[in-house]
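Here is the structure we will look at, set down as structure tokens.
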Amino acid sequence: MVLRNLCLASLSLLLLSNCTVPEPEIITNIEYVEKNIPIQARPKAVNMAGVEWYVITADNLDEVIEKIKSDNGQLAVMATSVRGYENLALNVSELKRYILQQQEIIVYYEKQAASKDTEEKP
């Protein structure tokens with residue numbers, strides 16, 4: 001009888017201890033990983049060659065032709081209308097505006113990438 005009571009006690013202790021074992025705690029860590037975007041070097045500046053402009057009118061046509069021939073040896077004349085020259089100036093101005101806006105966008109993204117790098121470092 002003692003053996004039976006001992007077996008029942010150990011069996012009940014075993015069953016009770018299995019029910020009271022706490023479940024393991026699950027720990028979830030969220031870690032955000034930012035892409036490391038290296039800032040690229042800017043392209044080198046544009047170095048444009050000089051261009052000579054001659055204004056030719058009906059009054060100075062012969063004089064300018066002789067000057068061009070003496071300076072360059074050959075005569076090649078390109079002409080544009082006044083409106084065409086205005087359009088050329090407007091196009092150059094528009095090109096300058098576009099380049100400046102692109103530079104501002106690049107600077108913005110460089111600052112954003114640099115600020116994220118400094119925030120992460122203590």
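A count restricted to the stretch 57-91 and to residues that are assigned to a helix (DSSP H, G or I) and among the aliphatic types (A, V, I, L, M) stands at 8.
Please indicate, with yes or no, whether at least one residue in the stretch 43-51 is surrounded by 10 or more Cβ atoms within 10 Å (Cβ to Cβ) and part of a loop (DSSP other than H, G, I, E, B). No, the conditions are met nowhere in the stretch 43-51. Of all the numbered requirements in (1) of a type in the set (Gly, Ala, Ser); (2) modelled with pLDDT under 80; (3) under 30 Å from Ala114 (Cα atoms), Ser10 misses one, and that requirement is (3).
The values are calculated or read from the model by the stated rules, or taken from the named source; none is laboratory data. Since the model is a prediction, treat every value here as computed from it, not as a measurement. Methodologically, a virtual Cβ is constructed for each residue, glycine included, from the backbone with ideal geometry; neighbour enumeration extends over all protein chains shown.
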